[in-house]
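Worksheet: the structure to be examined is printed underneath.
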Amino acid sequence: MTSLALREHEAAATAVAAVAVESAAVAAEPGPRDISVRRLAKNFGERRILDRIGFDVLRGQAVALIGANGAGKSTLLRCCLRLIEPDEGSITLLGEKAETLNRRALRRLRARVGFVFQRHNLVPRLSALTNVVHGAQARASGPAYWFHSVAPRRVREEALHCLAQVGLADFAAQRVDTLSGGQSQRVAIARALMQRPALVLADEPVASLDPSAGEEVMQLFVDLLKREKLTFLYTSHNLRHATHYADRVLGLREGRLVIDAPAAQADSVALRAIYDR
Amino acid sequence: MTLQAVAPKGLPRRFEPPGVLAFLLYVAALAVLVAAIDSVEASLDGFIRGLPGIANMLAQMFPPDLSRLPQILRALIETFAMALVGTALGLILSLPLAILATRRFSPHPLVYHASRALIAFFRTVPDLIWALFFVIAVGLGPFAGTLALAIDTIGFCGRFFAEAMEEADHGPQEALTALGASRLGVVFSAVVPACVPSFINTALFTLEKTTRASVVLGLVGAGGIGIELKVAMDLFNYDQAATIIVCIFLLVVAVERLSSLLRQQVIAGG
Ligand SMILES: Nc1ncnc2c1ncn2[C@@H]1O[C@H](COP(=O)(O)OP(=O)(O)O)[C@@H](O)[C@H]1O
Ligand SMILES: [Mg+2]
């Protein structure tokens with residue numbers, strides 16, 4: 001390592017420490033919390049993927065979680081809904097302690113949380129409208145919510161309204177496997193809106209899109225959530241997306257939370273440091 | 001580095017001599033085959049003595065006797081109806097059973113193992129034995145054959161439907177789970193729609209299979225054209241038998257053609 005690189009590294013480490021101090025202030029901020037994570041840990045086999053993670057997300061806040069590939073971002077989001085079972089720690093979502101819930105109560109909690117995946121995870125061969133109607137399974141089950149053709153009128157209308165919000169009303173009848181990547185991700189957002197969520201999680205929602213489509217979809221997504229004043233926790237490896245769209249930035253490095261700072265104060269040297277190996 | 005240094009041993013031997021254990025296994029396999037030939041009473045002599053008989057029979061088949069064609073066609077339609085209804089009935093019953101027979105969607109490991117065992121049982125018992133069983137249960141006639149074919153279909157489709165569902169992309173399933181859908185909701189919203197092409201493919205293949213199977217069920221009185229063939233043969237009416245065989249051939253070929261046409265449609269439709 002050259003002395004210059006070393007000095008830069010040290011500077012980054014100092015910045016990380018400074019930011020970490022600030023996180024205490026964020027945690028002390030008053031107001032209701034939609035997400036509270038305490039000492040969350042997850043191992044895959046012998047490997048510790050998440051190491052005693054703790055943070056809060058205030059109601060109405062948009063929080064970005066950044067980190068290099070393999071840092072554990074997706075695992076952390078999945079643990080929040082127990083799509084992956086955490087090994088230790090506690091997660092409180094919308095006032096519910098996730099780890100204490102039985103199957104039914106867990107389903108009710110999941111219903112209130114929108115989740116947008118990196119790969120849109122739409123059901124191929126089905127229409128955009130049907131995929132959005134599926135979002136209604138958050139509050140009702142049964143064959144009426146499996147296909148738009150058999151769904152109640154008000155459900156179909158609401159689904160169309162959700163599609164209109166993402167600008168895809170004209171594509172309602174089109175099969176989702178014929179849509180572009182950006183359009184697909186917007187249908188996935190509409191499906192999440194159809195849940196009438198109180199909180200939205202998104203795992204690198206635009207990482208699979210080209211930069212301009214990604215920018216467009218991210219802007220639309222954030223605008224929709226801001227308008228509804230929804231709490232938003234999303235992962236990203238795009239630093240600009242993190243600081244531009246979020247109120248707060250969390251930084252994950254090798255399973256540890258090393259940054260927790262207001263987006264305005266998170267300076268780029270510190271953020272970039274979490275990508276250092 | 002010289003060439004010799006890279007390949008010091010030159011060409012490998014054409015045949016590697018087998019190890020002791022492998023050699024013993026070969027010998028044992030050969031012994032089993034010899035014993036089997038002995039037990040089927042195979043004899044070249046018997047075959048040669050039978051040749052004139054076969055030639056005689058073939059000669060008597062021509063020209064085929066078309067006098068009973070209306071009855072034969074009626075039996076042929078009955079045969080195909082058995083295949084069609086048996087397949088449809090089997091398909092309807094396969095889907096729920098297949099869902100119970102998937103690791104991912106079965107409500108309980110016990111249910112999973114029981115369903116798989118049932119499907120395997122349906123598949124391993126030959127259809128002729130099912131036909132015999134149903135002839136005793138519901139009496140002679142095409143209904144017995146239809147039930148036998150339905151069981152056969154469940155044994156076949158149950159397995160392949162379950163495999164297709166296990167292999168379906170997990171992403172959409174996770175999305176439905178994440179929004180709080182029930183297990184049934186996940187299966188019917190995310191899994192079944194994705195599996196439709198595979199299901200149709202399997203269903204068409206099953207129809208071909210049951211059509212072929214339906215032809216012989218008549219031999220045990222379970223309906224269809226098989227009984228016509230048996231009677232014609234037993235009465236030495238080889239020219240009538242020829243007509244029946246040609247009819248069967250045309251039916252099977254027609255179903256296979258139709259099935260492959262439909263299959264192409266499915267592939268084209270994604
Ligand atoms: N199901 C799993 N089994 C074993 N290891 C896993 C599994 N899922 C993720 N991992 C590992 O956990 C680490 C974190 O993965 P992930 O949360 O997907 O990271 P990120 O989303 O930040 O790129 C990676 O090293 C990955 O290989
Ligand atoms: Mg990830």
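The values are calculated or read from the model by the stated rules, or taken from the named source; none is laboratory data. None of the values given here were measured: they were computed from a predicted structure. Note: ideal-geometry Cβ built from the backbone for every residue, glycine included; neighbour counts use all protein chains shown. These accessible areas exclude ligands, DNA and RNA; they are computed on the full protein's heavy atoms, side chains included. Shrake-Rupley method; radii C 1.70, N 1.55, O 1.52, S 1.80 Å.
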To the nearest 10 degrees, the tilt of helix A:181-194 (Cα long axis) against the first principal axis of the alpha carbons of chain A is 80 degrees
Scattering profile of the protein assembly as shown at q = 0.06, 0.11 Å⁻¹ [log10 I(q)/I(0), Debye over alpha-carbon scatterers] | -0.51, -1.01
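Please compute the Kirkwood hydrodynamic radius of the range B:28-140 from all pairs of different C-alpha atoms, in Å with one decimal. Walk me through the numbers on the way to the answer.
Working: mean 1/r = 0.0506 Å⁻¹.
Evaluated on the range B:28-140, it is 19.8 Å.
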If you roll a 1.4 Å probe over the heavy atoms of the protein chains, what accessible area per residue do you get for the protein assembly as shown, in Å²?
-> 51 Å²
Just tell me which lysines come within less than 28 Å, Cα to Cα, of B:Lys209; anything on the same chain fewer than 8 places away is out.
-> B:Lys230
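Evaluate peptide A:124-130: per residue, the Cβ atoms of other protein chains within 10 Å of its Cβ; return the mean as an integer. Could the numbers behind the result be given before it?
Details: counts 8, 7, 6, 0, 0, 0, 2.
Average neighbour count from other chains, rounded to a whole number: 3.
For the range B:168-247, which chymotrypsin sites (Phe, Trp or Tyr not before Pro) are in a loop by DSSP, counting at most 15 other Cβ atoms within 10 Å?
Working: sites: B:Phe188, B:Phe199, B:Phe205, B:Phe236, B:Tyr238; in loops: B:Phe236.
Within the range B:168-247, the qualifying chymotrypsin sites (Phe, Trp or Tyr not before Pro) (loop, at most 15 other Cβ atoms within 10 Å) are B:Phe236.
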Amide H contacts of B:Gly224 (H built 1.01 Å from N, under 5 Å, at least 5 apart or other chain) | none
Degrees between helix A:211-227 axis and first principal axis of chain A (Cα, 0 to 90, nearest 10) | 80 degrees
Out of B:Val253, B:Val20, B:Val231, any idea which swings most in a Gaussian network model of chain B, alpha carbons joined below 10 Å?
-> B:Val20
At q = 0.12, 0.13, 0.19 Å⁻¹, the log10 of I(q)/I(0) for the range B:144-270 from a Debye sum over equal Cα scatterers comes to -0.62, -0.69, -1.04
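Name the trypsin sites (Lys or Arg not before Pro) in the range B:17-83 that are in a loop by DSSP and that have at most 16 other C-beta atoms within 10 Å, would you? Show your work: numbers first, answer last.
Values: sites: B:Arg49, B:Arg68, B:Arg74; in loops: B:Arg68.
Answer in residue order: B:Arg68.
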For chain B, the helices passing both cut-offs (Cα extent along own axis of 15 Å or more, Kyte-Doolittle mean at least 1.0, full DSSP H runs) are B:20-39, B:69-100, B:127-138, B:238-269
When chain B is modelled as a GNM with alpha-carbon springs shorter than 10 Å, which of B:Leu66, B:Leu76, B:Leu84 fluctuates the most?
-> B:Leu66
Computed ³J(HN,Hα) along the range A:109-114: with the Karplus parameters 6.51/-1.76/1.60, θ = phi - 60°, integer Hz and x for glycine or proline, the list is 5, 4, 4, 8, 10, x
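Can you give the helix-only mean residue ellipticity at 222 nm for chain A, where every DSSP H stretch with n ≥ 4 adds -39500 (n - 2.57) and the sum goes over all residues, rounded to the nearest 500 deg cm²/dmol?
Working: 9 runs with 106 residues, N = 277.
For chain A, the value works out to -12000 deg cm²/dmol.
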Would you mind giving the mean number of other chain beta-carbons within 10 Å of the Cβ of each residue in B:190-203, as a whole number?
-> 2
Estimate for me the total accessible surface buried between chains A and B (protein heavy atoms, probe 1.4 Å, no ligands or nucleic acids), in Å² to the nearest 100.
-> 2000 Å²
Which log10 I(q)/I(0) values, to two decimals, does the range A:3-273 give at q = 0.11 Å⁻¹ under the Debye formula with one point per Cα?
-> -0.63
Calculated on alpha-carbon atoms, Rg and Dmax of chain B in Å = 26.1, 85
